[in-house]
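**Q** Sharing a structure below in structure tokens format, with a few things to ask.
The values are calculated or read from the model by the stated rules, or taken from the named source; none is laboratory data. On a predicted model such as this, the values are computed, not experimentally measured, just so you know. Virtual Cβ from ideal backbone geometry, glycine too; neighbours counted across all protein chains shown. Just so you know, the surface numbers come from the protein's heavy atoms only, side chains and all, with ligands and any DNA or RNA stripped out. Shrake-Rupley method; radii C 1.70, N 1.55, O 1.52, S 1.80 Å.
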There are 2 protein chains.
Amino acid sequence: VVDADRLDRNLERWQAYCDRVDLRSRPHVKTHKCVEIARRQVQLGAAGLTCQKLGEAETMVDAGFDDVLVPYNIVGAAKLERLAQLLERATIAVSVDDASLLPGLDRAASRSGRQLRVLVDCDTGLGRTGVARPDDAGALATEIVRHESLHFGGFVTYPALPAAREFLGAAAAGAERAGLEVDVVSAGGTPAMWSAGELRPVVGEYRVGTYAFHDRATVAAGAATLDEVAMTVAATVVSRPGDRRAVLDAGSKSLTSDLAPSPGHGVILEAPSSTIVRLNEEHAYVELADGESLELGQQVRVVPNHACTVSNLFDEFVVVRDGDVVDRWRVDARGRSR
Amino acid sequence: VVDADRLDRNLERWQAYCDRVDLRSRPHVKTHKCVEIARRQVQLGAAGLTCQKLGEAETMVDAGFDDVLVPYNIVGAAKLERLAQLLERATIAVSVDDASLLPGLDRAASRSGRQLRVLVDCDTGLGRTGVARPDDAGALATEIVRHESLHFGGFVTYPALPAAREFLGAAAAGAERAGLEVDVVSAGGTPAMWSAGELRPVVGEYRVGTYAFHDRATVAAGAATLDEVAMTVAATVVSRPGDRRAVLDAGSKSLTSDLAPSPGHGVILEAPSSTIVRLNEEHAYVELADGESLELGQQVRVVPNHACTVSNLFDEFVVVRDGDVVDRWRVDARGRSR
């Protein structure tokens, strides 16, 4: 269930912040995978979209969006062919963390007859993908420009940990010393979104996804309050097997098993101090807090731990305003994890 | 990716076991949500299907299956209307653990003009739904038969823990003393499937789901070996950010965050001693074991922790025999968690 007014407020508030601190916003569609919401984000002033997989980018380009960043190593013949096809239709940027991937990207771009923007993926502390040192980032940038169909697009990192600013500043300075223009330095992450301005002027673009909906994790991180959460899972109390126990008909196939913040698998708005202690696929086990109760048959709303993985389980959002259902929006890129 | 030969062997071996120990098999479609696989299960001799939600049952009845057990409390006007519509088209059984649900079920059955089979859900140790004592189970059975359009169908439990046999035997004896016929006592669960015969003669029907594919959890439980696993997730090594680190393009949107057995989010068949230590939505973080390596760009197969939640993320299975793709099967009931 998506509360359209809360969604709009979330999108507007973030865009206003970006305008104020002079950051470009490039929202991440992985959270909602929904063309209708992406449209609102761009109408408000987003500089383009971020997609985590080519499948999401294909959905968004099909819908008419023309500027998509896929901050991901695109590896293998099948994906490179899809990238070439996308590039014929839109402005696409990707990231790399390994020079050995550049010849494949160059051939894909060459086939499409377009230049491909390639950003250097920087590991500024997460320990996932990315080059580990600013010098390596600069060196990879100089490798990119040796390929005829590749355009060096700047640097990208996730999330914006405290160390990111120094790392990215050093990488950008190194690239500029080598005579390269740094189009953009892009950081991201909803938990720290409200201090994104402190990354200026090194960082010029910021990517957030969860900010559209918020969830139990971003509320715990202090990025939003519970009454700003725009997406909930509607569930029904299907069993009351004991005085302090209730069971909901939403399990790991509705709420996912994403367990952060722990303990608990979401907040039941009608019993916010109670704990969803365990999930099976189609059951949530609730331990009721003192003073809270749930009736057999009662409908409840659950704020999930992690909105992005929950959206991916559903074919559509039920859209409400002031408690009334006003629309249904397709989760257009649901399941597009290729 | 589904290995059709392994799937067929898994289905055949279980049906042969059931035939030998005189158990009716009622396989659970929640694992595969796939009409093609359900058809194979019934062709081999399954007595009917088990669905965990009405949405799955609707898919299977649409496909022509005519005997479905939904071992779930059906609560609320919307679900009861859907149940009535299903009942017009097929033999449906549901379970209950609370007498207050019976009038709604009775009205739904009456609207359809058919009898609804209702089993008593028994909590034999899991602590989820179900009545907690055999006496309560018998009492609820006598409540069921007071409703004109309801037929007492027996007792159902999950899983078949050691205490289940005694509990179910006492419940059945109580019902029989009250003059009720016990059509079936139904237990289930893949981990203990190969000792299901020991529940005879109290238990007459057994429900397994994961047995079709198996996964890291049922292998850890001793119900299968790794080379009997019939469903894997194909992934690509997209980054090698360090000597002992690799990143796959399969994350929590492909493997789910289901974390049992812990630690690790699946077995990489090409690096079985290595550990998937962490998932983001589209990344798996691999810590490589000594003596194991993965090349950038290499395709790998991952045995997920939990097959049932993984199927639910994909629109289709890619079906292989001897390593060649021979078919694609729709995951027909994907996302039908209502």
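**Q** Could you list which residues have their amide H under 5 Å from that of A:Glu270, counting only those 5 or more apart in sequence or on another chain, with H placed in the peptide plane?
**A** For A:Glu270, the qualifying residues are A:Arg301.
**Q** Let me ask another. Could you give the C-alpha radius of gyration of region B:27-100 expressed as a fraction of 2.2 N^0.38 Å, taking N as the number of residues it contains?
**A** The value comes to 1.07.
**Q** Once each part is reduced to its C-alpha centroid, what is the distance from region B:116-152 to region A:25-83 in angstrom?
**A** 51
**Q** Select the chain B residue whose beta carbon lies nearest to the rotation axis carrying chain B onto chain A, and write the distance in whole Å.
**A** Smallest Cβ distance to the axis, with its residue: B:Ser257, 2.
**Q** Take peptide B:256-264, look around each residue's Cβ out to 10 angstrom, count Cβ atoms belonging to other protein chains, and average those counts.
**A** Across B:256-264, the average partner-chain Cβ count within 10 Å equals 3.
**Q** Per DSSP helix of 4 or more residues, -39500 (n - 2.57); summed, then divided by the residues of the protein assembly as shown. What does that give at 222 nm, rounded to the nearest 500?
**A** The helix-only estimate for the protein assembly as shown comes to -8500 deg cm²/dmol at 222 nm.
**Q** Something else: Give the angle, between 0 and 90 degrees and rounded to the nearest 10, that separates the Cα long axis of helix A:4-21 from the longest principal axis of the Cα atoms of chain A.
**A** Around 40 degrees separate the two axes.
**Q** Ordered by residue, what ³J(HN,Hα) values in Hz, to whole numbers, does region B:201-218 give under the Karplus form 6.51 cos²θ - 1.76 cosθ + 1.60, where θ = phi - 60° and Gly and Pro are x?
**A** With coefficients 6.51, -1.76 and 1.60, one gets x, 4, 8, x, 9, 9, 10, 10, x, 5, 3, 5, 10, 6, 7, 4, 6, 6 Hz.
**Q** Near the amide H of A:Arg278, under 5 Å away, which other amide H atoms are found, from residues 5 or more places off or on another chain, if H is placed in the peptide plane?
**A** Sorted by chain and number, the residues that satisfy this are A:Tyr285.
**Q** Please report the projected area of region B:1-126's Cα convex hull averaged over all directions, in nm².
**A** The number I arrive at for region B:1-126 is 8.9 nm².
**Q** Give me a comma-separated list of calculated 3J(HN,Hα) values for region B:285-295, in order, Karplus coefficients 6.51, -1.76, 1.60 applied at θ = phi - 60°, integers in Hz, x for any Gly or Pro.
**A** 8, 10, 9, 6, 6, 4, x, 10, 9, 9, 8
**Q** Looking only at other chains, what is the average number of their beta-carbon atoms within 10 angstrom of each beta-carbon in A:127-134?
**A** Partner Cβ neighbours, averaged per residue: 4.
**Q** Once Rh for chain B is found with the Kirkwood sum over Cα pairs, what is the Stokes-Einstein diffusion coefficient at 10 °C and 1.306 mPa s, in µm²/s?
**A** Roughly 76 µm²/s, to the nearest whole number.
**Q** Using a 7 Å offset from Cα along the direction of the beta-carbon, what are the separations from B:Leu259 to the same position in each other copy, nm, ascending?
**A** 0.5
**Q** Could you compute how much accessible area chains A and B hide from each other, both sides summed, with a 1.4 Å probe? Nearest 100 Å² is fine.
**A** About 3900 Å² of accessible surface is lost on pairing.
**Q** Using label points projected 7 Å from each Cα along Cα→Cβ, tell me how many nm separate A:Arg107 and A:Asp243, to one decimal.
**A** 7.1
**Q** Run the 1.4 Å probe and let me know the accessible area of B:Arg328, rounded to the nearest 10 Å².
**A** 130
**Q** Only protein chains counted, 1.4 angstrom probe. Which residues of region A:42-73 are at least 10 Å² less accessible in the assembly than when their chain is isolated?
**A** The answer is A:Gln52, A:Lys53, A:Tyr72, A:Asn73 - residues whose exposure falls by at least 10 Å² when every protein chain is included.
**Q** Taking the Cβ-Cβ separation of B:Ser195 and A:Glu316 as r and a Förster radius of 41 Å, what is the calculated FRET efficiency to the nearest 0.05?
**A** 0.45
**Q** List the distances, in nm and shortest first, from the label point of A:Glu181 to the matching label points in every other copy, placing each point 7 Å from Cα along the Cα-to-Cβ direction.
**A** For A:Glu181, the other copies' label points sit at 8.5 nm, shortest first.
**Q** Give the shape of region A:279-338 as rounded, prolate or oblate, defined through the alpha-carbon gyration tensor: a ≥ b ≥ c are the square roots of its eigenvalues, a/c under 1.5 means rounded, and otherwise the shape is prolate if a/b is larger than b/c and oblate if not.
**A** oblate
**Q** What is the spin-label model distance, in nm, from A:Asp327 to A:Arg13 if the labels are put 7 Å beyond Cα along the C-beta direction?
**A** It is 2.1 nm.
**Q** Tell me the accessible surface of B:Phe314 in square angstrom (1.4 angstrom probe, heavy atoms of protein chains only), to the nearest ten.
**A** Roll a 1.4 Å probe over it and B:Phe314 shows about 60 Å².
**Q** I would also like to ask the following. Which values, in whole Å and largest first, are the semi-axes of the equivalent ellipsoid of region A:183-338 obtained as the square root of 5 times each eigenvalue of the Cα gyration tensor?
**A** After diagonalising the Cα gyration tensor, the semi-axes are 31, 18, 14 Å.
**Q** Among the DSSP beta bridges whose two residues both lie in chain A, what percent are antiparallel, rounded to the nearest 5?
**A** Just about 45 percent of them are antiparallel.
**Q** While we're looking at this one, here's another question. Under a Cβ-Cβ cut-off of 14 Å, what is the net charge of the residues other than A:Gly125 that fall near it, where Lys and Arg count +1 and Asp and Glu count -1?
**A** 0
**Q** Give me the angle, in degrees from 0 to 90, between the Cα long axis of helix B:35-44 and the longest principal axis of the Cα atoms of chain B, rounded to the nearest 10.
**A** 60
**Q** In chain A, carbon and sulfur make up what percent of the accessible area (probe 1.4 Å)?
**A** 45
**Q** In nm, what does the list of distances from A:Arg13 to its counterparts in the other copies look like, shortest first, when each label sits 7 Å along Cα to Cβ?
**A** 5.5
**Q** Could you work out the mean count of beta carbons from other protein chains within 10 Å of each residue's beta carbon in B:91-101?
**A** 2
**Q** For the protein assembly as shown, state what percent of all Cα-Cα pairs lands in each successive 10 Å bin, counting from 0 Å until the bin that includes the largest distance.
**A** Calculated over all Cα pairs of the protein assembly as shown, the distribution is 3, 15, 24, 24, 17, 10, 5, 1, 0, 0 percent.
**Q** Follow-up. Pop out the ³J(HN,Hα) list for region A:151-168 in order, Karplus 6.51 cos²θ - 1.76 cosθ + 1.60 with θ = phi - 60°, rounded to Hz; leave Gly and Pro as x.
**A** 10, 5, x, x, 10, 9, 9, 8, x, 8, 6, x, 6, 5, 4, 5, 4, 5
**Q** Let me know the whole percent of all Cα-Cα pairs from region B:70-211 that are separated by more than 25 Å.
**A** Above the 25 Å cut-off, region B:70-211 has 25 percent of its Cα pairs.
**Q** Calculate how many DSSP beta bridges within the protein assembly as shown are antiparallel, expressed in % of all such bridges and rounded to the nearest 5.
**A** So the antiparallel bridges amount to about 45 percent of the total.
**Q** If you count only protein heavy atoms with a 1.4 Å probe, what accessible area per residue comes out for region A:29-108, rounded to a whole Å²?
**A** 30
**Q** So, one more: Given a Förster radius of 60 Å and the C-beta distance between A:Gln299 and A:Ala178 as r, what FRET efficiency does 1/(1 + (r/R0)^6) yield to the nearest 0.05?
**A** About 0.50, to the nearest 0.05.
**Q** Kirkwood hydrodynamic radius of region A:191-251 from all distinct Cα pairs, in Å?
**A** 14.4
**Q** Once you put a point 7 Å from the Cα of A:Val21 and another 7 Å from the Cα of B:Asp66, both along the Cβ direction, what distance in nm separates them?
**A** With each label placed 7 Å out from Cα toward Cβ, I get 6.6 nm.
**Q** Specify the residue with the greatest mean-square fluctuation among B:Ser110, B:Ser254, B:Ser273, computed from a Gaussian network of chain B linking alpha-carbon atoms under 10 Å apart.
**A** Maximum fluctuation in the GNM of chain B, among the listed residues, is at B:Ser273.
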